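**Q** Can you keep this structure in mind? I'll have questions shortly.
Only the coordinates and a few stated rules stand behind these numbers; no lab work does. What you see is a predicted model; the values in this text were computed from it and never measured. Quick reminder, even Gly has a Cβ in these numbers, built from the backbone with ideal geometry, and neighbours come from all protein chains shown.
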Amino acid sequence: MLLELQHIYKWVKQSGRNIFLLNDVSLQVQEGEFISIMGPSGSGKSTLLNVIGMLDGFQEGTYHFQEQPIHTLKEKHRSNLYKEYIGFVFQQYHLIDELTVYENIETPLLYKKVKSSERKALVSDMLDRFNIVGKKDLFPHQLSGGQQQLVGIARALISKPKVILADEPTGNLNSKQSEEIMQLFKQLNEEDNVTIIQVTHSETNAAYATKIINLLDGSITK
Amino acid sequence: MFKNYIKIAWRNLLKDKFYNLISLLGLTIALTIAMFIIVWVKSELSYNSFINHENIFRISSNIQSGDGIQTWGVSTGPVATYAQNDIPEVKHAVRLRENYSYRTYSVGDHKFDIRGAYVDVDFFDMFQRKVIAGNRDMFLKDARSVVLTASTAEKLFGTTKAVGKTIKADFEDLFTVTGVVNDLPENSSVNYEMFFSLDIIRNTYVNNPYWKSMEADWGNFNFITYVELYDSQHHKKVNKKLTYIQQANDPNAELFKSDKAYYLQPINQMNLYSPGGIPQGINTVKIFSIVLFIILSIACINYVNLSTARASRRTKEVSIRKIIGAQKKSLLLQFITESVLFFSLAAILAIVLVYAFTPAFKEITAKDLNINFLDGSLSLIFLCVFLIIIIVSSIYPAFILTSFKPLLAIKGNMSGMSRGNLRKLLVTIQFVFSVMLIIGTMVISRQLEYITSKNPGYDRTQVLNFWMSNSMQNHAATVKERLKNIPGVSAVSFASNPIINNTNSTGDVAWDSSREKNEMVVTPMAIDEDFIPLMKMKLNAGENFKGISTDSTHYILNETAVKLTGIKNPIGKNFELYERKGTIIGVVEDFNFKSLKNDIGPMVMYYEPHTYRVYLKTSEENTAATITALENIWKEYTPDFEFNYSFLDASYEKMYLNDKRTGELFYIFTWIAIFVSCLGLFGLTTYTAQLKKREIGIRKVLGASVFQVTRLLSKEYLILILIAAVIAIPISWYLMQLWLQDFAYQTPLNWWIFISAGIITLFIALATVSFQAIKAGLANPVKNLRTD
């Protein structure tokens, strides 16, 4: 088991009343799964993804990641965990504007204190694999949306995560670009055994997954 | 990793050109000014800082004056002799007296101006001079010997190997060089170029009926006496011993403060404290140090404000970095690297500016302040200041920047910054500084205006004065007649001293009740019958000298002297000066015969028809012709010498030149500091206006006028300025009070100065703010809403 959520509740207070973002969510994810989270706006998809990614907390329930009880861990320990095992891909790509393609991909390795020669090799491999060698010295604003998202995924993969969390990765892309990204996810999932959890609105994209979870008002329907 | 930090920092610098330029400009200017102030303060504080200066003291004399004590920086001849011979704690005791006897020196046909002084030969040991030529034991071996400094020797003879060469003083007296020593530091009280033997003065006592020898003359305060102690802690003990010796030997012992006749002043305090140890220039130094602090703070505040205000722009970057694995530590390091790079850039630019403006700075301060970045102690100070301001201004923004929760960026919420309160506090501090500086400038300029325009009690307009030469003085009566006949000269008078700054003094006075009362030290001045009318001084009682022979036993006292002696109805009462019995015939209204930094002391005027200094009242027209005529007469009697004269007006201004320079410097620094403040404010409002673009757009669509929009953006600053004024006024009142203490005559600290400083700040701030505000107000709202 890669991760397991049990009876997760998350709420915010608004004018004295509790508004539930996540309402008794339980979820098990095995290594190598490809999961799509679907649901209307405000149903808690992104919140769930953020909880899984340990970027956000919750009030009640338990969360085990590789048998470790996340809900009891200290912030620092938790961030070490997600840095080690989780890669994030965003709808807005969230590349660092001041860095070139090469540097964006390289940055996670810098923070992991990987040696310079090794870094070079890893980044080159990644550029090769994604076919963006020619773009390595460009800045994000010089790329198309699809290319930016490729760089975003490359950056997420560079530190060899066990799981990739993607929040509407194709939300800003046209259908052709979307398809390419989805093909890439599928390939990663099948060939490299990377677990993928994505939030999506699109039925077509959701269909790439091996499992679909539907959320409504913070609860898993199905 | 580090290379990476630098790279990012550099890219960010180029990206935000507008704000970075503002920050950089402010910081560079501030650092430049800071370096100048540091150099200035350091030079003021390093006055007389010889290697062994801790052990060297100047002996000041505490003299009874009426009911009070006056402390003089001079002392009598025997003090040094006794200190050297009878006090074992004293290593060296040295007398110094500037040599005013000669006007010019010549070697062959070349004439030179040289600053000379009579000294005891131990002088060279006390101030640790290196012997460059000659034998130390033969230095100043007789009255015809002189010692030169190396650069003077070079100037006169083109070589330092000058021993045995001769110099003529005033074309008649021949002196032989017996030694050459290394130069004395310019920034010191003993910065002379040529040294004469005290034997010259000793010889004048040969037929002196009153004082047997220089070493026994307790009456004339002719010398500055320096003592070097083996241990500086012993200065109190030495003072006690000196007092004891003085009380036992001085025939006028009662003249001195009986329990503490002297004050041993550390020599490095001589420029910033009065001879009695009362702060004088030190307050100015303190105020400049405060200005230094203010300017650096303003620059730091600008940096902190602008970088935290713009922090929201970097929320995204920081969040992403955190998500992809950055530790807080590495982010902190990244931002600190950015600050360091930025500050280093400013420092480099500042160094360039310092080099560029050094000549101007030298001119304003009239000091030879060479800024040498290779000078160890100076660069160390610079480095420390630099490090401090980097730490102060980089740590806080770095913490702010790294403290966001990474989710902010993902949620797309970029305006998670609400550090507005701190920013307001910092802006208020800047306003406090601005108000303080403006008050300072106003008070200082008013005080300088006040002392230069205050009526000193005599009319100094169009009064030309000069010292007569010996040959001229021998024919004084004729000279006087001839001077009177020069067209444009309306009156001629002779007096013994300069009236602007008469530092003469004597305790040799007596009056009927003086035996019971305390003694008094007075400033004597010999004048002729024309002096008081020429100067338009007022006689409060009695009459002026008449120019008849009985005048030699007549005295005119000033009001202060009358008050201190306690003589009632002084006219006709007995008075004695220099053992010469006579009567008081007049009381002259008090006038300032010293700088307005001093109170008016007691003065006794006595009659001497043909003394050395000539005062001429000239008409405003044709002054040049009058001077030419004067010069012709001078040349007839004294063909070899230059004719040197001065106008009282000019000398009076010159006396306050230093204060004026200080004022100018303060003025410049103030406006630069305010400019730097404004830069920051400008950047900040530009930023606020950008943030509020949308709000302004909506308001305008709803019908807000340009004025209303301007008010919206400026209102908050108005309140801050009011708060700042309330804080700044008491602080600056206190500081200005401190500075004014240097002056016996002070301009009043009017309430309106403080109010108008507040108003000026308000206007400057509003002008700065409203530029952006009006621009925002005028902008097309539709465009703003669309681009949002």
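**Q** Determine the percent antiparallel among the DSSP beta bridges restricted to the protein assembly as shown, to the nearest 5.
**A** Values: 87 of 123 bridges.
Just about 70 percent of them are antiparallel.
**Q** Using the Cα centre of region B:53-269 as the reference point, and only Cβ charges (+1 on K/R, -1 on D/E), how large is the resulting charge dipole? Debye, rounded to the nearest 20. Present the calculation step by step, with values, prior to reporting the outcome.
**A** Working: 24 positive and 27 negative charges, 41 e Å.
With only Lys, Arg, Asp and Glu charged at Cβ, the dipole is about 200 debye.
**Q** Going by C-beta contacts inside 10 Å, put B:Val709, B:Val521 in order with the fewest on the left.
**A** Working: B:Val709 25, B:Val521 22.
Exposure proxy ranking, most exposed first: B:Val521, B:Val709.
**Q** Which of the lysines could be linked to B:Lys480 by a straight reach, that is with a Cα gap under 30 Å, when you skip same-chain ones fewer than 8 residues away?
**A** Within the straight-line cut-off, B:Lys480 pairs with B:Lys111, B:Lys536, B:Lys538, B:Lys546, B:Lys581, B:Lys594, B:Lys617, B:Lys635, B:Lys654.
**Q** If Lys and Arg each add +1 and Asp and Glu each add -1, what is the summed charge of the other residues whose beta carbon sits under 13 Å from the beta carbon of A:Ile196?
**A** Details: positive: A:Lys162, A:Lys186, A:Lys211; negative: A:Glu31, A:Glu33, A:Asp167, A:Glu190, A:Glu191, A:Asp192.
The answer is -3.
**Q** Another one. So for B:Val107, B:Val206, fewest C-beta neighbours within 10 Å to most, what's the order? Could the numbers behind the result be given before it?
**A** Details: B:Val107 16, B:Val206 7.
Final ranking by Cβ density, sparse to dense: B:Val206, B:Val107.
**Q** Among the aspartates and glutamates, which have Cα under 14 Å from the Cα of B:Lys168 when same-chain residues fewer than 8 positions away are ignored?
**A** Straight-line reach from B:Lys168, under 14 Å: B:Asp109, B:Asp113, B:Asp640.
**Q** How big, in percent, is the set of alpha carbon pairs in region B:137-201 lying more than 21 Å apart? Could you put the intermediate results ahead of the total?
**A** Details: 405 of 2080 pairs.
That tail contains 19 percent of the Cα-Cα pairs.
**Q** Given points 7 Å out from each Cα along the Cα-Cβ axis, report the B:Ala248 to B:Thr159 separation in nanometres with one decimal.
**A** Label at B:Ala248, label at B:Thr159, 5.2 nm between them.
**Q** On to the next question. Dipole magnitude of the protein assembly as shown about its Cα centre, charges +1 at Lys/Arg Cβ and -1 at Asp/Glu Cβ only, in debye to the nearest 20?
**A** Values: 103 positive and 93 negative charges, 825 e Å.
Taking the Cα centre of the protein assembly as shown as origin, the dipole is about 3960 debye.
**Q** So, with +1 on the Cβ of K and R and -1 on the Cβ of D and E, and no other charges, what is the size of the charge dipole of region B:470-640 about its Cα centre, to the nearest 20 debye? If you can, show how the numbers build up before the last one.
**A** Details: 18 positive and 22 negative charges, 44 e Å.
My answer is approximately 200 debye.
**Q** Testing the spin-label approximation: label points 7 Å from Cα along Cα→Cβ at B:Phe675 and B:Ser46. State their distance in nm.
**A** Spacing of the two 7 Å Cα→Cβ label points: 2.8 nm.
**Q** Considering the options A:Ile158, A:Val101, A:Ser175, tell which one lies farthest towards the positive end of the dipole of region A:93-178, charges being +1 on Lys and Arg and -1 on Asp and Glu at the Cβ, about the Cα centre.
**A** It is A:Ile158.
**Q** Multiply the residue gap between B:Phe643 and B:Gln327 by 0.36 nm, knock off their C-alpha separation, and tell me the result in nm, one decimal place. The partial results should precede the final answer.
**A** Numbers: separation 316, 0.36 × 316 = 113.76 nm, distance 7.97 nm.
Extra length available between B:Phe643 and B:Gln327 comes to 105.8 nm.
**Q** Using R₀ = 25 Å, calculate the FRET efficiency as 1/(1 + (r/R₀)^6) where r is the Cβ-Cβ separation of B:Asn182 and B:Asp113; round to 0.05. Walk me through the intermediate numbers first.
**A** Details: r = 21 Å, r/R0 = 0.84.
Plugging the Cβ-Cβ distance into 1/(1 + (r/R0)^6) gives 0.75.
**Q** Sticking with the crude label model, points 7 Å out along Cα→Cβ, report the distance from B:Asp199 to B:Leu766 in nm, one decimal please.
**A** A separation of 7.8 nm, rounded to one decimal place.
**Q** Under 26 Å between alpha carbons, and skipping anything fewer than 8 positions from B:Lys692 in its own chain: which lysines qualify?
**A** B:Lys15, B:Lys17, B:Lys316, B:Lys405, B:Lys411, B:Lys424, B:Lys700, B:Lys715, B:Lys775, B:Lys783
**Q** Here is a further query. At a Förster distance of 51 Å, what's the computed FRET efficiency of B:Phe18 paired with A:Lys113, Cβ-Cβ distance as r, to 0.05? Intermediate results must be reported in sequence, preceding the final value.
**A** Numbers: r = 36 Å, r/R0 = 0.71.
That pair, B:Phe18 with A:Lys113, gives E of 0.90.
**Q** Ranked by Cβ crowding within 10 angstrom, fewest neighbours first, how are B:Asp640, B:Asp259 ordered?
**A** Numbers: B:Asp640 13, B:Asp259 9.
Going from least to most buried by this count: B:Asp259, B:Asp640.
**Q** Considering chain A as a Gaussian network with a 10 Å cut-off on Cα pairs, which listed residue, A:Tyr111, A:Tyr93, A:Tyr208, attains the greatest mean-square fluctuation?
**A** A:Tyr111
**Q** May I pose another question? Taking R0 as 60 Å, what's the FRET efficiency between B:Ser651 and B:Ile395 from their Cβ-Cβ distance, rounded to 0.05? List each step's numbers first, then the result.
**A** Numbers: r = 54 Å, r/R0 = 0.91.
Plugging the Cβ-Cβ distance into 1/(1 + (r/R0)^6) gives 0.65.
**Q** Would you mind checking region B:587-612 for residues with the amide N under 18 Å from a putative spin-label position 7 Å along Cα→C-beta of B:Thr506?
**A** Those under the cut-off are B:601-612.
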